[in-house]
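A short write-up of the structure that comes next.
Only the coordinates and a few stated rules stand behind these numbers; no lab work does. Just so you know, these numbers come straight off a predicted model, no measurement behind them. Cβ coordinates were reconstructed from backbone atoms using ideal geometry, including for glycine residues, and neighbour counts include every protein chain displayed.
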Amino acid sequence: MKRLESIITVIFLLMVCVASIQQAQSWNNDGVVGVTASNKQFGLPQPATTVTEQEREHYQRRIAKSLAEFGGRLKTLKTESEKRGTKGRTELQSTAREFENKLTVAQQQFEKFRSARAEAWEGLKSKMDAAMADLNSSYERATAQAKQSRSERLS
């Protein structure tokens, strides 16, 4: 039974990794011109001197989609933490809370961004990019914690 549980856990992690890779590939293959190295991982256009409404809407759709996906990943992490033993559960719940806090900050930043006037767009965009980068690194830490917790549980 433990072996089956281990296999299911590994399959779950692989699915999460594949989904993350597919998302990153779709961002990189989106055909966005003028993407910087720091923004490329999020598929965000490089700041231009004049941003068109279309570019702004495209960026907002992309961020909204990413935030929704991260919300789903948070639910998965919480579900995974409930399956852990006491020590693993506590550690994973702590990491999931940190991720949830970062997600909340990014969502709040996105709401400010959406309601901003065109003149403030560039300044808020850099903050939004930073919030998304922070959220992504928090998610990576959470999945690493989940993997470590699983391997310790299996030992």
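May I ask for the equivalent-ellipsoid semi-axes of region 54-154, computed as the square root of five times each C-alpha gyration tensor eigenvalue and listed largest first in whole Å?
Working from the Cα gyration tensor, I get semi-axes of 32, 11, 10 Å.
Mind listing the phi-derived Karplus ³J(HN,Hα) values for region 101-111, rounded to whole Hz, using 6.51, -1.76 and 1.60 with θ = phi - 60°, and x for any glycine or proline?
5, 5, 5, 4, 4, 5, 5, 5, 4, 5, 5
Given the pairs Lys65/Lys87; Lys65/Lys112; Lys65/Lys125; Lys102/Lys147; Lys75/Lys125; Lys127/Lys147, which span a C-alpha to C-alpha distance of over 23 angstrom in this model?
Lys65/Lys87; Lys75/Lys125; Lys127/Lys147
Treat each spin label as a single point 7 Å out from the Cα along the C-beta direction, and report the Glu140 to Thr90 distance in nm.
With each label placed 7 Å out from Cα toward Cβ, I get 2.9 nm.
Applying 1/(1 + (r/R0)^6) with R0 = 25 Å to the Cβ-Cβ distance of Ser126 and His58, what FRET efficiency is obtained, to the nearest 0.05?
Result of the calculation: an efficiency of 0.90.
Taking θ = phi - 60°, what integer Hz values does the Karplus form 6.51 cos²θ - 1.76 cosθ + 1.60 yield along region 69-79, in sequence order, with x for Gly and Pro?
5, 5, x, x, 5, 4, 4, 5, 4, 5, 4
To make sure I understand, if each residue's beta carbon is the centre and we count other beta carbons within 10 Å, what order do Glu57, Glu69 fall in, fewest to most?
Exposure proxy ranking, most exposed first: Glu57, Glu69.
Work out the length of the dipole vector of region 54-154 about its Cα centre, built from +1 on the beta-carbon of each Lys and Arg and -1 on the beta-carbon of each Asp and Glu, and round it to the nearest 20 debye.
The dipole of region 54-154 has a size of about 380 debye.
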